Amino acid sequence: MHKIVDDFSKTVVVPEQGIRLASEPEPKVREKYINELDRVLITKGCLDARIKGLAKEIEQGFADVDEITCVVVLKGGMFFAADLIRVLDERSKLRTRLDFIRCSSYGDRSYSSGSVQMYQLDAIDGKNVLLIEDIVDTGGTLKTLQNYLREKGKNFKTCVLLDKGIASSVKVDFIGFRIPRVFVGGYGLDYAGMYRGLPEIVVIKKELLK
């Protein structure tokens with residue numbers, strides 16, 4: 001049974017069995033993915049609720065400015081960033097600009113290769129920058145991005161949706177959920193290009209991973 005959560009004002013620690021809202025039914029993996037996915041870890045309702053909480057934290061974290069440039073890490077961060085930026089525009093005093101950066105350390109593997117490739121980014125010199133990332137695993141990719149952006153941005157902070165608690169040397173200002181050390185997909189996250197379109201965070205079966 002999934003744990004019922006009702007406080008989304010701060011980082012939510014997710015147990016192995018996963019979480020849901022009291023108003024949501026016990027979640028199940030979609031039938032077409034039954035042989036590939038182990039379970040739903042975080043429901044759509046929990047994602048929506050925590051994003052509203054994150055938006056409040058970000059507004060407080062940038063209390064002295066009225067505009068931020070959100071730098072979204074493609075491709076995994078796109079769903080999370082879209083929802084977060086909409087909430088920021090609707091519910092906070094912050095005006096938002098949007099930019100993208102693409103880098104990769106996974107490819108089609110289930111583990112980080114340690115080699116980070118980074119692609120084009122528009123000029124952000126002197127701007128208030130919020131880096132938006134989907135997940136922190138080993139922290140190699142995120143640390144490379146942080147070092148690059150911190151040199152350019154006037155006021156730089158990092159927001160991640162999911163943190164596995166492995167990369168202790170990487171500083172993250174805003175964390176959505178702290179999750180177990182399992183391989184996850186859904187809500188923009190993929191494995192070999194699959195599962196990005198699922199509205200929830202799911203756990204991929206171990207036997208499927210390379």
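The values are calculated or read from the model by the stated rules, or taken from the named source; none is laboratory data. All figures in this text were calculated on a predicted structure; none of them were measured in a lab. Cβ placement follows ideal geometry from the backbone for every residue including glycine, while neighbour counts extend to all protein chains displayed.
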Filtering the stretch 50-73 down to residues that are part of a helix (DSSP H, G or I) and in contact with a strand residue (DSSP E or B) (Cβ under 9 Å, 6 or more places away or on another chain) yields Arg50, Ile51, Gly53, Leu54, Glu57, Ile58, Gly61
List every residue pair whose Cβ atoms lie under 8 Å apart, where the two residues are 6 or more positions apart in sequence or sit on different chains, the first residue falls within the stretch 13-37 and is in contact (Cβ under 8 Å) with a residue 24 or more places away in the chain, and the second residue, located anywhere, is in a helix (DSSP H, G or I). Ile19/Cys46; Arg20/Gly45; Arg20/Cys46; Leu21/Gly45; Leu21/Cys46; Leu21/Ala49; Glu36/Leu208
Could you say whether any residue in the stretch 6-17 is touching a Gly at 6+ places or on another chain (Cβ under 6 Å), within 24 Å of Lys143 (Cα to Cα), surrounded by fewer than 19 Cβ atoms within 10 Å (Cβ to Cβ) and of a type in the set (A, V, I, L, M)? no
What about Leu88, is it in a helix (DSSP H, G or I), surrounded by 23 or more Cβ atoms within 10 Å (Cβ to Cβ), aliphatic (A, V, I, L, M) and touching a residue at least 60 places away in the same chain (Cβ under 8 Å)? no
Test: residue in the stretch 141-154 that is closer than 23 Å to Phe8 by Cβ, surrounded by 20 or more Cβ atoms within 10 Å (Cβ to Cβ), polar (S, T, N, Q) and within 15 Å of the chain's Cα centre (by Cα): no
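Residue-wise test of (1) acidic (Asp, Glu); (2) out of contact with any helix residue (DSSP H, G or I) (no Cβ under 8 Å at 6 or more places or on another chain); (3) within 22 Å of Leu130 (Cβ to Cβ).
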{"site": "Met1", "(1), (2), (3)": "no, yes, no"}
{"site": "Val5", "(1), (2), (3)": "no, no, no"}
{"site": "Lys10", "(1), (2), (3)": "no, no, yes"}
{"site": "Glu16", "(1), (2), (3)": "yes, yes, no"}
{"site": "Pro25", "(1), (2), (3)": "no, yes, no"}
{"site": "Tyr33", "(1), (2), (3)": "no, yes, no"}
{"site": "Leu37", "(1), (2), (3)": "no, yes, no"}
{"site": "Glu59", "(1), (2), (3)": "yes, no, yes"}
May I ask you to list the residues in the stretch 178-204 that are among the aliphatic types (A, V, I, L, M) and on the phi > 0 side of the Ramachandran plot? Ala192
Among the numbered conditions (1) at pLDDT 90 or above; (2) closer than 16 Å to Leu41 by Cβ, tell me where Leu209 comes up short. (1)
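Quick check on my filter: what residues within the stretch 179-210 are among the charged types (D, E, K, R) and surrounded by 15 or more Cβ atoms within 10 Å (Cβ to Cβ)?
Correct list: Asp190, Arg196, Glu200, Lys205.
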Reported set for the stretch 130-154 where residues are modelled with pLDDT of 90 or more and more than 22 Å from Arg181 (Cα to Cα) is Leu130, Leu131
The lone exception for Lys171 - which of (1) over 27 Å from Glu67 (Cβ atoms); (2) over 13 Å from the mean Cα position of the chain (by Cα); (3) not hydroxyl-bearing (Ser, Thr, Tyr); (4) not in a strand (DSSP E or B) it fails: (1)
Reported set for the stretch 155-168 where residues are in a strand (DSSP E or B) and buried (at least 17 other Cβ atoms within 10 Å of the Cβ) is Phe156, Lys157, Thr158, Cys159, Val160, Leu161, Leu162, Asp163
Is it fair to say Gly76 is at pLDDT below 95, part of a loop (DSSP other than H, G, I, E, B), within 16 Å of the chain's Cα centre (by Cα) and not acidic (Asp, Glu)? yes
